[in-house]
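Peer 1: Let me begin by handing over the structure; questions about it come next.
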Amino acid sequence: MRLAVYNVENLFDRAKAMNLGSWEEGKPVLEHFAALNQLLGQVEYSDADKVEIARLVVELGMEQSDTGPFVILRRNRGGLLKRPTAGGVVVVADGRADWVGSLELRDEPVNEHAMRNTARVMVDLEADVLGIVEVESRPVLSAFNREILPAIGGTPFRHVMVIDGNDERGIDVGMMTRKGYPIGAMHSHVDDCTPNGEAIFSRDCPEYEITTPAGAQLVVMVNHLKSKGYGGKAKSDAKRKAQAKRIAEIYEKLIERGVEYVAVIGDFNDTPGSDPLEPLLGGTSLKDIFKHDAFDDGGYPGTYGGCTASNKIDYILLSPALFAKVKDGGVFRKGMWPGVRPKKWESYDEVKRQEDAASDHAALWVDLDI
């Protein structure tokens, strides 16, 4: 069977703040959004909270309207704030129970060429089991599977599953499998918390139990760890390390239960030698597919952007028993922008501009004899 993982960077729609020319452009918006969302969720608003809420509303371009360039404030009932004719914003609510509504990131359609190139990658991978990172929802992934894959000559997957996670931006993780590879038991970890009650996973760490046509069973965990993109380095590193530690714990419990075939796949947002990933990469028996003799990295050690060693952030980790079943593996970069002088790798003819790339991430695949 062929197991693969791919960060698609959304299929149909993506938050406008995440779809700008560079990550740095959208970073302030995402930081302000996260800070405002946290404040709005508090049971009580202090005077200082109200001042900060008003400031962030203005910073997000909503001084005149609930619809800003990147964010929408939905107020269904109750009173949250007023906008005096003299200007500015005044918060009138004393806490979360005083109003009903939500703060949401505005979406915009993904480039049509990029969307079709994403479908080409998914088809050309020829995976039997495909982990998907950064997908909007199950209905979206299902529609993409039914409508877009056949439109470029592909065959839809038989099974499509996404468990809604903790991310408010519509970037979840999911699973697609072919006929003969049914998804059985599923376990979500969206409610796993630290001792102080904070959710561990930015998205989720779902466990999917999959049966092969030969009757073998494996558990695949799809992950998307905390990004380095916004928030302080120390805080984001600590979050990613807590996630890696929890994944390691889940893996060890599976092994203790007698599960031989386990795969941990996804975008870990850090490099192999990093401290945040040490609990997972150094503290368990999991083996990185890049280290297998049969694996071909295509001449580049990375999986993201320019694919240098510092851009190695996507992974397929296998339990020892599963690692022993590897027959082949590689990195699929045809949907990525290859650069221009000279091109780093072969890409689809349809990738004529950087914005036409299917994703900034390569897909990883491995063939297993099970």
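Peer 1: State to the nearest 20 debye the size of the charge dipole of the range 43-159 about its Cα centre, where the only charges are +1 on K and R beta carbons and -1 on D and E beta carbons.
Peer 2: Values: 14 positive and 19 negative charges, 76 e Å.
Roughly 360 debye for the range 43-159.
Peer 1: Follow-up. Taking a 30 Å limit on the Cα-Cα distance, which of the listed pairs Lys233/Lys291; Lys16/Lys291; Lys239/Lys344; Lys27/Lys352; Lys226/Lys344 fall beyond it?
Peer 2: Numbers: Lys233/Lys291 28 Å; Lys16/Lys291 37 Å; Lys239/Lys344 33 Å; Lys27/Lys352 27 Å; Lys226/Lys344 28 Å.
Violating the 30 Å Cα-Cα cut-off are Lys16/Lys291; Lys239/Lys344.
Peer 1: How far apart, in nanometres, would the label points at Leu20 and Glu249 be if each is projected 7 angstrom from Cα along the Cα-to-Cβ direction?
Peer 2: In this crude label model, Leu20 to Glu249 measures out at 3.7 nm.
Peer 1: If you work out Cα extents along the principal axes in Å from the coordinates, which of [x] 73, 56, 31; [y] 69, 44, 41; [z] 69, 48, 36 do you get?
Peer 2: Matching the structure shown: [z].
Peer 1: Compute the Rg/Rh shape ratio of the range 1-133: radius of gyration over Kirkwood radius, all on alpha-carbon atoms. Mind showing how you got there, number by number?
Peer 2: Details: Rg = 19.4 Å, Rh = 17.1 Å.
With Rg and the Kirkwood Rh in hand, the quotient comes to 1.13.
Peer 1: What is the sum of charges around Lys325, taking Lys and Arg as +1, Asp and Glu as -1, for the other residues whose C-beta is under 14 Å from the C-beta of Lys325? Don't jump to the answer; show the numbers that get you there.
Peer 2: Working: positive: Arg2, Lys287, Lys327; negative: Asp128, Glu260, Asp293, Asp328, Asp367, Asp369.
Computed value for this residue: -3.
Peer 1: May I ask you to list the GluC sites (Glu not before Pro) in the range 178-279 that are in a DSSP loop and have at most 14 other Cβ atoms within 10 Å of their Cβ?
Peer 2: Numbers: sites: Glu198, Glu207, Glu209, Glu249, Glu252, Glu256, Glu260; in loops: Glu198, Glu260.
Within the range 178-279, the qualifying GluC sites (Glu not before Pro) (loop, at most 14 other Cβ atoms within 10 Å) are Glu198.
Peer 1: Provide the gained length on full extension for the span Val100 to Val43, in nm with one decimal, where the gain is 0.36 nm per separating residue minus the Cα-Cα distance.
Peer 2: On the way: separation 57, 0.36 × 57 = 20.52 nm, distance 1.28 nm.
The Val100-Val43 span can extend by a further 19.2 nm.
Peer 1: So, one more: For the range 75-174, what Kirkwood radius comes out of the mean inverse Cα-Cα distance, in Å? Display every interim value, and only then the final one.
Peer 2: On the way: mean 1/r = 0.0595 Å⁻¹.
For the range 75-174, the Kirkwood estimate is 16.8 Å.
Peer 1: What's the Kirkwood radius of the range 249-339 in Å, using all Cα pairs? List each step's numbers first, then the result.
Peer 2: Working: mean 1/r = 0.0713 Å⁻¹.
By the Kirkwood definition, the hydrodynamic radius is 14.0 Å.
Peer 1: I've got another one for you. When Lys and Arg each count +1 and Asp and Glu each count -1, what net charge do the other residues less than 12 Å away from Leu56, Cβ to Cβ, add up to? Present the calculation step by step, with values, prior to reporting the outcome.
Peer 2: Working: positive: Lys50, Arg55; negative: Glu31, Asp49, Glu52, Glu59, Glu63.
Around Leu56, the charge tally is -3.
Peer 1: Explain nothing, just the number: dipole magnitude of the chain about its Cα centre with +1 on each Lys and Arg Cβ and -1 on each Asp and Glu Cβ, in debye rounded to the nearest 20. Don't skip to the answer; put the middle values down first.
Peer 2: Details: 45 positive and 57 negative charges, 64 e Å.
Once rounded to the nearest 20, the dipole reads 300 debye.
Peer 1: On a C-alpha basis, how far is the centre of the range 148-185 from the centre of the range 278-356 in Å? Whole number, if you could?
Peer 2: Centre-to-centre (Cα) distance: 21 Å.
Peer 1: Could you calculate, for the range 288-328, the ratio of the Cα radius of gyration to the Kirkwood radius, expressed as Rg to Rh? Provide the component values of the computation, followed by the final result.
Peer 2: On the way: Rg = 11.0 Å, Rh = 10.9 Å.
Taking Rh as the inverse mean 1/r over Cα pairs, Rg/Rh reads 1.01.
Peer 1: Compute the longest continuous run of the chain that contains no exposed trypsin sites (Lys or Arg not before Pro); treat a site as exposed when its DSSP state is not H, G, I, E or B and it has at most 13 other Cβ atoms within 10 Å.
Peer 2: Working: sites that count: Lys179, Arg257, Lys343, Lys352, Arg353.
Counting only loop sites that pass the neighbour cut-off, the longest clear stretch is 1-178.
Peer 1: Among the complete DSSP H segments of the chain, which ones combine at least 24 Å of alpha-carbon extent along their axis with a mean Kyte-Doolittle hydropathy of -0.5 or more?
Peer 2: Working: long enough: 23-40 (25 Å, -0.09); 233-256 (34 Å, -1.07).
What comes out of the filter, once short or polar helices are dropped, is 23-40.
Peer 1: A further question follows. Computing the accessible area with a 1.4 Å probe over protein heavy atoms, can you report the carbon and sulfur percentage for the chain? Walk me through the numbers on the way to the answer.
Peer 2: Values: 7870 of 16380 Å².
In the chain, the share of accessible area belonging to carbon and sulfur is 48 percent.
Peer 1: For the chain, build the charge dipole from Cβ charges (+1 Lys, Arg; -1 Asp, Glu) around the Cα centre, then report which of Met336, Val160, Leu40 sits farthest towards its positive end.
Peer 2: Of the candidates, Met336 comes out farthest on the positive side.
Peer 1: Excluding ligands, DNA and RNA, what is the solvent-accessible area per residue of the chain at a probe of 1.4 Å, expressed in Å²? Before the final figure, lay out each step's value.
Peer 2: On the way: 16380 Å² over 370 residues.
For the chain, the solvent-accessible area averages 44 Å² per residue.
Peer 1: Using r as the Cβ-Cβ distance of Lys235 and Lys327, and R0 as 30 Å, what FRET efficiency do you calculate, to the nearest 0.05?
Peer 2: Working: r = 41 Å, r/R0 = 1.38.
After rounding to 0.05, the efficiency reads 0.15.
Peer 1: Return the FRET efficiency for the residue pair Val92, Asn166: r is the Cβ-Cβ distance, R0 is 25 Å, and the value is rounded to the nearest 0.05. Numbers along the way, then the final one.
Peer 2: Working: r = 30 Å, r/R0 = 1.19.
The calculated FRET efficiency here is 0.25.
Peer 1: If you don't mind, another one. For the chain, what is the mean residue ellipticity at 222 nm derived from helices alone (per DSSP H run of n ≥ 4: -39500 (n - 2.57); sum divided by total residues; nearest 500 deg cm²/dmol)?
Peer 2: -7000 deg cm²/dmol
Peer 1: Starting from the Cα gyration tensor of the range 199-252, multiply each eigenvalue by 5, take the square root, and state the resulting semi-axes largest first in whole Å. Before the final figure, lay out each step's value.
Peer 2: Working: eigenvalues 171, 23, 10 Å².
That gives 29, 11, 7 Å for the three semi-axes.
Peer 1: So, with +1 on the Cβ of K and R and -1 on the Cβ of D and E, and no other charges, what is the size of the charge dipole of the range 206-329 about its Cα centre, to the nearest 20 debye?
Peer 2: With Lys and Arg at +1 and Asp and Glu at -1, about 480 debye.
Peer 1: Further question on the same structure: Sticking with the crude label model, points 7 Å out along Cα→Cβ, report the distance from Arg74 to Lys291 in nm, one decimal please.
Peer 2: According to this spin-label approximation, the distance is 4.6 nm.
Peer 1: Translational D (Stokes-Einstein, µm²/s) of the range 138-283 at 37 °C and 0.692 mPa s when Rh comes from the Kirkwood sum over C-alpha pairs? Walk me through the intermediate numbers first.
Peer 2: Working: Rh = 16.5 Å.
The calculation lands on 199 µm²/s.
The values are calculated or read from the model by the stated rules, or taken from the named source; none is laboratory data. Values in this document were obtained by computation on a predicted structure and should not be read as measured data. All Cβ positions, even for glycine, are placed from backbone atoms using ideal geometry, and neighbour counts span all protein chains on display. The area values use the complete protein model at the heavy-atom level, side chains included, leaving out ligands, DNA and RNA. Shrake-Rupley method; radii C 1.70, N 1.55, O 1.52, S 1.80 Å.
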